[in-house]
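The values are calculated or read from the model by the stated rules, or taken from the named source; none is laboratory data. Given the structure is predicted, the values throughout are model-derived calculations rather than measurements. When we count neighbours, we look across all protein chains shown, and the Cβ atoms used for this are built from the backbone with ideal geometry, even at glycine.
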């Protein structure tokens, strides 16, 4: 029984909704591929409208659309290459066993060489070899019909269905070609494993891994956030936020707002409407971006569209310079959730709001760093004390 359990593949269970989605996608994909193939080719030919390997391709396209083996070039290139190789072997080698063996071996080698590995394409090569005398009548037309037509129709179905059901397809590689370098990685990803590390390890591994480096990097990043949450324990934003903070309205004058920023401990102020709901945030950076202020809080000159305008033509209210798309958090939010936006998006302040979007506090980068440091130090001291207590 222990051996049987170990032989069971370590696949993370998916939700019932995902099972239904994948099964429905395969139904739609194969049905449309068959119906459209019949419309294009008719149903009186000596070859079937659908070839069996399309069923295996449907499993990858709809049940594992993020797999590198399920990407458009993988299925299109793999099927066309394998079909061509299979026909060639069938025409050149009389013994079907030798032809089948050669077709599979050559197809795998070429797919790996051309970076279009698609497991069902091996069945395409076998189909070409084992089709008997019909292959001599069809020749290389088999590559276009039914293989090419089936492949394109199934790909089109997968593209529409997966994107319509919330599964982005295809998974495009980074524009740079080999992923972002460590120097350009997001701040939260610069410490620890970076995409270049993953790619190097996968290359050293020397085997085909059914996950792309980019997908693995995204999963690892999410795992790191979970690790932050575990190490930070149950600390929430409500425990570390600064309460009873000043707020301004969109109609507040910039002079009043600047004085509040200059005199207060925070370098950002939440902006609330007449219902006291959060509608934006104004920071010293907003003043620097939109205006130039002297030490007395008086507007001086500013530049817009290449022209220097007098102070009278500049903005006068907070609503004219505030950032409207502001990120906020609830008091019960774990502080680890703030790491990505503050590190990767450059946010220095996070307004804390209640369920009615009323501002109840503010968490700064300094608050977050101090809280994470305290918890890391407490965890470290706990580990150091544990052996002594055990003795």
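Details
- Residue match in segment 352-374 (condition: within 25 Å of the chain's Cα centre (by Cα), crowded, with 18+ Cβ neighbours inside 10 Å and modelled with pLDDT of 85 or more): no
- Residues of segment 327-364 that turn out to be assigned to a helix (DSSP H, G or I) and farther than 23 Å from residue 223 by Cβ, as a count: 0
- Residue that is surrounded by the most Cβ atoms within 10 Å (Cβ to Cβ) [pool: residues in segment 125-136 that are in a helix (DSSP H, G or I) and free of Cβ contacts under 8 Å to residues at least 60 places away in the same chain]: 125
Yes/no per residue for (1) farther than 17 Å from residue 166 by Cβ; (2) touching a helix residue (DSSP H, G or I) at 6+ places or on another chain (Cβ under 8 Å):
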residue: 25; (1), (2): no, yes
residue: 30; (1), (2): yes, yes
residue: 34; (1), (2): yes, no
residue: 37; (1), (2): yes, yes
residue: 50; (1), (2): yes, yes
residue: 55; (1), (2): yes, yes
residue: 61; (1), (2): no, yes
residue: 66; (1), (2): no, yes
residue: 72; (1), (2): yes, yes
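- Within segment 106-116, if we keep just the residues that are buried (at least 22 other Cβ atoms within 10 Å of the Cβ) and either touching a residue at least 60 places away in the same chain (Cβ under 8 Å) or more than 25 Å from the chain's Cα centre (by Cα) (or both), the residue that is farthest from residue 51 (Cα to Cα) turns out to be 111.
- Among the candidates 139, 122, 148, 86, residue that is more than 30 Å from residue 170 (Cα to Cα) and in contact (Cβ under 8 Å) with a residue 24 or more places away in the chain: 139
- Identity of the residue in segment 192-206, loosely packed, with under 14 Cβ neighbours inside 10 Å and under 17 Å from residue 218 (Cβ atoms), that ends up modelled with the lowest pLDDT: 192
- Put simply, of 173, 158 the only residue that is over 16 Å from the mean Cα position of the chain (by Cα), surrounded by 14 or more Cβ atoms within 10 Å (Cβ to Cβ), at pLDDT 55 or above and not assigned by TED's automatic domain parsing to the domain that holds residue 203 is 158.
- Some residue of segment 45-60 being farther than 18 Å from residue 146 by Cα, part of a helix (DSSP H, G or I) and at pLDDT 95 or above: yes
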